[in-house]
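Working notes for the structure below.
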Amino acid sequence: PADGTASARTDSGSRPRAGTGDPLLRIEDLHKSYGNEEVLQGIDLAVERGDVEVLVGPSGSGKSTLLRCLNLLTPVDSGHIYLGDTEVTAPDTDPNEIRQQIGMVFQDINLFAHLTARQNITLGLRKVKGIPKDEARKRADAELERVGLADQADSYPAQLSGGQKQRVGIARALAMDPEVMLFDEPTSALDPELSNEVLEVMDELVEGGMTMVVVTHEMRFARGGATNITFLSDGQIVERGPPDKLFEDPDRERTAQFFQSIR
Ligand code: ADP
Ligand code: MG
């Protein structure tokens, strides 16, 4: 990273925890409406480097909108988002720059059908980052290896399973060397066994110290991987805390009800 801090990618496998009260990602009083519906009603959230924030909440509570605001796929109405010292929501921010630093993986696996797995990854590296062909190829292959798909570099999306496609999507985002990774229900469209291979890759990212914001119904991942769980309802944060606290002893009745409903 340009600020000279340690890369999120460590080979040690230990999770670097800043714990400095100086968060990598900071959201302040974020508001967003669609028409008359205020979908985000003043969100405040701070995520430290190496931490994993899991967002849960009923359908329509604003989880996807929040993630989309974070990497400028959706413009905010008011409030601020900061990535380190950079204000993401500043009017002169280049969205392409932000999307390199804040990678996103969607529920709908959006690979280009006419490109191989490797080409899906090299495309952004060459077009957005201006990386030469050979180097882009090397990086793509390294990322494919990281997600366990070294042998599928020349496969087209139609030749891959849903889980493999999702892993290519993760590799594509990782290739940009992001500071933060956002995941919006990455396994919701997958059968359980295919979900597992994606969750394993996510677990490895957690182990490697990647800063992540993850919307998921996979409570096993939330329980094992989350630093904090944020429970969102009707565009507001109802409660936030470590997984054990939210699962076992939440302060709010609504939180308890939600976890009961998804059990
Ligand atoms: P979640 O991901 O928690 O299910 P969303 O962020 O997708 O929730 O949606 C929150 C609310 O915003 C829902 O009522 C949804 O219908 C509405 N919404 C989301 N995206 C749009 C959009 N592009 N235009 C209009 N309404 C939207
Ligand atoms: Mg959603």
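Laboratory data are not the source of any read-out in this text; all were calculated from the coordinates shown. Not measured: the values here are computed from a predicted model. Cβ: placed from backbone, ideal geometry, glycine included. Neighbour counts: every protein chain shown.
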Practice item. Could you calculate the contour length gain from E200 to Q159, that is, 0.36 nm times the residue separation minus the distance between their Cα atoms, to one decimal place in nm? Key: 12.6 nm
Revision key, fill the gap. Yeah, region 87-237 with a ≥ b ≥ c from its alpha-carbon gyration tensor (a/c under 1.5 is rounded, else prolate when a/b outruns b/c, oblate otherwise) is oblate
Revision key, fill the gap. Summing -39500 (n - 2.57) over every DSSP H run of at least 4 in the chain, dividing by its residue total and rounding to the nearest 500, the 222 nm mean residue ellipticity is -10500 deg cm²/dmol
**Study point:** Stretch gain in nm, segment D85-H31, where the contour uses 0.36 nm per residue and the Cα spacing is subtracted
**Key:** 17.3 nm
Point to revise | Cα gyration tensor shape of region 156-263, rounded if a/c is under 1.5, else prolate or oblate by comparing a/b with b/c | key: prolate
Review point. Considering the chain as a Gaussian network with a 10 Å cut-off on Cα pairs, which listed residue, K245, K63, K165, attains the greatest mean-square fluctuation?
Key: K245
Exercise for review: Pull out a ≥ b ≥ c, the square roots of the eigenvalues of the alpha-carbon gyration tensor of region 43-167, then state rounded if a/c is under 1.5, prolate if not and a/b is larger than b/c, and oblate in the remaining case.
Suggested key: prolate
Check your understanding: Going by alpha carbons, how many degrees (0 to 90, nearest 10) lie between the helix axis of 192-207 and the longest principal axis of the chain?
Key -> 90 degrees
**Study point:** Per-selection metrics, the chain (Cα): Rg and Dmax in Å
**Key:** 18.0, 56
Review point. Helix 133-146 versus the longest principal axis of the chain: what angle, 0 to 90°, nearest 10, using Cα atoms?
Key: 50 degrees
Review point. For region 33-95, what relative contact order do you get, as a whole percent, if you take Cα pairs closer than 8 Å and at least 6 residues apart?
Key: 22 percent
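Compare the peptides 151-157, 43-49 by average per-residue count of other Cβ atoms within 10 angstrom and give them in order, highest first. Show your work: numbers first, answer last.
On the way: 151-157: 15.4, 43-49: 19.6.
The packing order, highest mean first, is 43-49, 151-157.
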Revision key, fill the gap. With Cα springs under 10 Å, the Gaussian network model of the chain assigns the largest mean-square fluctuation among G209, G62, G130 to G130
Exercise for review: Please give the FRET efficiency for S59 paired with E207, using the beta carbon to beta carbon distance and R0 = 25 Å, rounded to the nearest 0.05.
Suggested key: 0.25
Point to revise | Helix axis angle, 117-127 relative to the chain longest principal axis, alpha carbon, degrees | key: 80 degrees
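Here is the link list: K133/K165; K63/K165; K138/K165; K127/K165; K165/K245. Which ones come out longer than 28 Å on Cα distance? Please report the intermediate quantities before stating the final value.
Values: K133/K165 23 Å; K63/K165 23 Å; K138/K165 19 Å; K127/K165 21 Å; K165/K245 34 Å.
Over 28 Å Cα-Cα: K165/K245.
Taking every DSSP beta bridge with both residues inside the chain, roughly what % is antiparallel (nearest 5)? Mind showing how you got there, number by number?
Numbers: 20 of 37 bridges.
Of the beta bridges lying entirely in the chain, close to 55 percent run antiparallel.
Please work out how much length the chain gains when fully extended from D249 to A150, using 0.36 nm per residue of separation minus the C-alpha to C-alpha distance, in nm with one decimal. Each step should come with its number before you reach the end.
Numbers: separation 99, 0.36 × 99 = 35.64 nm, distance 4.33 nm.
Full extension of this stretch gives 31.3 nm more.
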